[in-house]
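**Q** Okay, here's the structure, questions in a sec.
Where a number appears in this text, it was derived from the coordinates with a stated rule and is not lab data. Just so you know, these numbers come straight off a predicted model, no measurement behind them. Glycine also receives a Cβ, built like all others from the backbone with ideal geometry; neighbour counts cover every protein chain displayed.
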Amino acid sequence: MTDTYRILFHPMEKEVLVAPGSTVLTAIRAAGILVESICGGKGECNKCRVILVKGDCDAGTPASLHGLSADEIARKYCRACQTHILGPCEFTIPVESRIDTPKILENHHEDLQEISPSVTRHLVDPSRWHTIHATAPRSLRLEGWHGPRPHMTKDQLDQLTTTDHPLTVTITRTGGYPEVMEICDGDLVAQNYGVAIDLGTTTVVGLLLDLNTGKVLGEASVLNRQITHGEELLTRIAVAKKSGGRAKLQSAAVESINAVIGHLARQAGIATAMITDLCIAGNTVMVYLLLAHDSGQLEIANIAVPRTPEIVDAGTLGISVHPLARVFCLPNVSRFVGGDAVGDIVTAGVTDSQDLSLVIDLGTNGEVILGDADWLASVSCASGPAFEGAGISSGMRAMKGAIDHVAIDPVTGVVSWTTIGDARPRGICGSGIIDAAAGMVAAGILDFTGRLVDEKPGVRTGLDGPEFVLVPHDKTATGQDILITRDDMAYLIDSKAATCGSIGVLMKKYRVHIEDIRHVYLAGAFGAYADTRKIIAFGIIPDFNRAEFHQIGNGSLSGACAALLSLKKRQEAAEVAKKMVYIDLLVDADFIEEYAAAVYIPGKPEYFPGH
């Protein structure tokens, strides 16, 4: 019996050998191809569709065809996670299943009054030393160093005090005290670089900074290579619990970070070994997976999570920077409020003001934080994936061909749209979904319960019930209609109710009314690209009519950037994590009430006066 079979994927023309009985999704992962797989291969999302070109496999079984249309079956589509290899095969990965050309938010803010990085470089130049007598010992002078004498070994001290040529001393204070990290020949003081990383569930984004000036020298992003193991946090936790799963996910995270660092180094024309400091912000699960901690415990409601920043050696993790560089991870708060949310708070400057503020960050997971300079309270809700296109039948990430904005004539029901890259539509991303939902409500296509109204233009009966044709098949890149189905709308309503309900929990517990909120900070792509008026009209967030709205972009990356450039900001991040209250909605009785009210469009009357 053959040990392996050759599998070829078009149009990438990538070839891989896999064992008999492997799923096509396993082969895709082995080939290093990124495809949509929200459920991680459990056969629930129908996103990992491929087309059989030729070969021996079990495509055509009920499991491989479940949920596919008659047209797709006729074109030899099958579900990669439910199709098994029985011999050599060739497959085409259709455009709707591919992950490529992502539009990734790379905003950053470095409004720092003073740059004080953890890692600094100092020149030791014996030609500038002065002694009273030729036989007297020379005193060590680190140019530009102010502070207590750094810790160093005897060998390092001997090297510095006996040198007859210039040396560069690299000092790190990441561990809480100054210590000599490295001594190099020559003057390398000007070559001191750091990288800030946003380790996102979907994307990994990085900035390369000059630690002497704070100047951004490059920015890069890649899709998190953990994606093909599942897009939701709980799916990845489940993968990590399997034999070898933890190591597999850690490796994927490190590979993603190294890919970003490689891009940054090439942009700036520097060696990766010149990067002496690294600061990472990510949600709790992502940080746990990166550090190979037991993420399974994060499934337990109200479990205590350490709130101190984690510091590890880059070389130990296999991250491609200076091998002695330290990795500083922004501290976590709870199982689903992590360093990325702490970064949002640091970026927004909530703790600098007595004004009551609300921070909302809806990514793959959603975090909501209420407070001011004196107190902070947080919740987390499973709302983000729907607003990023995940879990929607025609949903996709914000990449080329994604519908990003929609307008629906409230009288005629005629739909107009724009796409990223002005390409033919492949699907619809988060901002487009919010536009479409709000437009459908205004046109009467949706009633206040989120039900599709049968007699309205564009509404028809599909295989699974009523559906709304957003774009007909003759105008799409895939040759298939782009739809919003009854099930899609139920998922959207669930997501919007979870978000608005979580905000309602914080307001109720702290006796806050919509008029009391003075600032609303919207983080991430949700805040950057979605129309605030439509977010409110659909009932995702209350109508804070006296608040000033701010778009802070990638607050997680901005927070990591601030911590990279400022020891004071690192301390601020630690203090934010320490004092923030966390309310676990899984065991909170108020959430049930708030959620139930928020399933209607727009929601509780007191949250939406005049709507």
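**Q** Please report, in Å, the Rg and the Dmax of segment 5-97, where both are computed over Cα atoms only.
**A** Reported Rg and Dmax, both Å: 11.5, 31.
**Q** With loop defined by DSSP as not H, G, I, E or B, and exposure as at most 11 other Cβ atoms within 10 Å, which is the longest segment of the chain clear of exposed GluC sites (Glu not before Pro)? Spell out each step's value before the answer.
**A** Numbers: sites that count: E13, E114, E455.
In short, 115-454.
**Q** Could you pull out the chymotrypsin sites (Phe, Trp or Tyr not before Pro) across segment 492-597 that fall in loop regions by DSSP (anything but H, G, I, E, B) with no more than 14 other Cβ atoms inside 10 Å? Before the final figure, lay out the partial values.
**A** Numbers: sites: Y510, Y521, F526, Y529, F538, F544, F549, Y582, F591, Y595; in loops: Y510, F538, F544.
Qualifying residues, ordered by number: Y510.
**Q** Which value results when the Cα radius of gyration for the chain is divided by 2.2 N^0.38 Å?
**A** Normalised Rg, Cα atoms only: 1.06.
**Q** Cross-link partners among lysines for K14, C-alpha distance below 26 Å, same-chain residues fewer than 8 apart left out?
**A** K42, K47, K54, K76, K103, K248, K400
**Q** Once phi is turned into ³J(HN,Hα) by the Karplus curve 6.51 cos²θ - 1.76 cosθ + 1.60 with θ = phi - 60°, what whole-Hz value does each residue of segment 532-548 show in order, with x for glycine and proline?
**A** 4, 4, 7, 4, 6, 4, 7, x, 6, 10, x, 8, 7, 6, 10, 9, 9
**Q** Taking only Cα atoms, what is the 0 to 90° angle, nearest 10, from helix 567-579's long axis to the longest principal axis of the chain?
**A** The two axes meet at around 50 degrees.
**Q** Per residue of segment 227-239, what does 6.51 cos²θ - 1.76 cosθ + 1.60 with θ = phi - 60° give for ³J(HN,Hα)? Whole Hz please, x for Gly and Pro, Karplus curve as stated.
**A** 4, 5, 8, x, 9, 8, 4, 5, 5, 6, 4, 5, 5
**Q** May I ask for the angle, rounded to the nearest 10°, between helix 339-348 and the longest principal axis of the chain, with both axes built from Cα atoms and the value confined to 0 to 90°?
**A** Roughly 80 degrees, rounded to the nearest 10.
**Q** Once every Cα of segment 273-332 carries one equal point scatterer and solvent is ignored, give the base-10 log of I(q)/I(0) from the Debye formula at q = 0.13, 0.20 Å⁻¹, two decimals.
**A** Listed by q, the Debye log ratios stand at -0.36, -0.75.
**Q** Going by amide H atoms built from the backbone, whose H comes under 5 Å of the H on M399, apart from near neighbours?
**A** Amide H neighbours of M399: K103.
**Q** Ignoring everything except DSSP H segments at least 4 long, calculate the 222 nm mean residue ellipticity for the chain; use -39,500 (n - 2.57) per segment, divide by total residues, nearest 500. Don't skip to the answer; put the middle values down first.
**A** Numbers: 17 runs with 166 residues, N = 611.
That calculation yields -8000 deg cm²/dmol at 222 nm.
**Q** Helix 555-565: angle to the longest alpha-carbon principal axis of the chain, degrees 0 to 90, nearest 10?
**A** Compared with the principal axis, the helix lies near 10 degrees.
**Q** Tell me which residues come under 5 Å, amide H to amide H, from G413 once H is placed; ignore anything under 5 positions away on its chain.
**A** Here the answer is none, since no amide H 5 or more places off falls under 5 Å of that of G413.
**Q** Scan around T83 for amide H atoms under 5 Å from its own, H built in the peptide plane at 1.01 Å from N, and keep only partners 5 or more places away or cross-chain.
**A** Long-range HN contacts for T83: V24, L25.
**Q** Sticking with this structure for a sec: Which Cys residues of the chain have no other Cys Cβ less than 4.7 Å away and so no disulfide-compatible partner by this rule?
**A** Within the chain, the cysteines lacking a partner Cβ under 4.7 Å are C48, C57, C78, C81, C89, C184, C279, C329, C381, C429, C500, C561.
**Q** Per residue, how big is the convex hull of segment 386-485 when only Cα atoms are used? Give it in Å³.
**A** It comes to 89 Å³ per residue, whole-number rounded.
**Q** Test of the criteria: in segment 219-278, which trypsin sites (Lys or Arg not before Pro) are in a DSSP loop and have at most 15 other Cβ atoms within 10 angstrom of their Cβ? Intermediate values should be presented prior to the final figure.
**A** Numbers: sites: R225, R236, K241, K242, R246, K248, R266; in loops: R225, K242.
Sites meeting the loop and neighbour criteria: K242.
**Q** When all alpha-carbon pairs of segment 444-585 are counted, what percent fall beyond 18 Å?
**A** Counting pairs separated by more than 18 Å, the tail of P(r) holds 71 percent.
**Q** Quick one: what are the phi-derived ³J(HN,Hα) couplings along segment 292-305, Karplus 6.51/-1.76/1.60 with θ = phi - 60°, whole Hz, x for glycine and proline?
**A** So the J values, rounded to whole Hz, are 6, 6, 6, 6, x, 5, 6, 7, 8, 4, 6, 5, 6, 10.
**Q** Would you list which lysines come within 18 Å of K578, measuring only between C-alpha atoms, while excluding same-chain residues fewer than 8 positions from it?
**A** K568, K569
**Q** Still on this structure, I have one more. For segment 120-257, what value does the Rg/Rh ratio take when both radii are computed over Cα atoms and Rh is the Kirkwood radius, given to two decimals?
**A** Result: Rg/Rh = 1.19.
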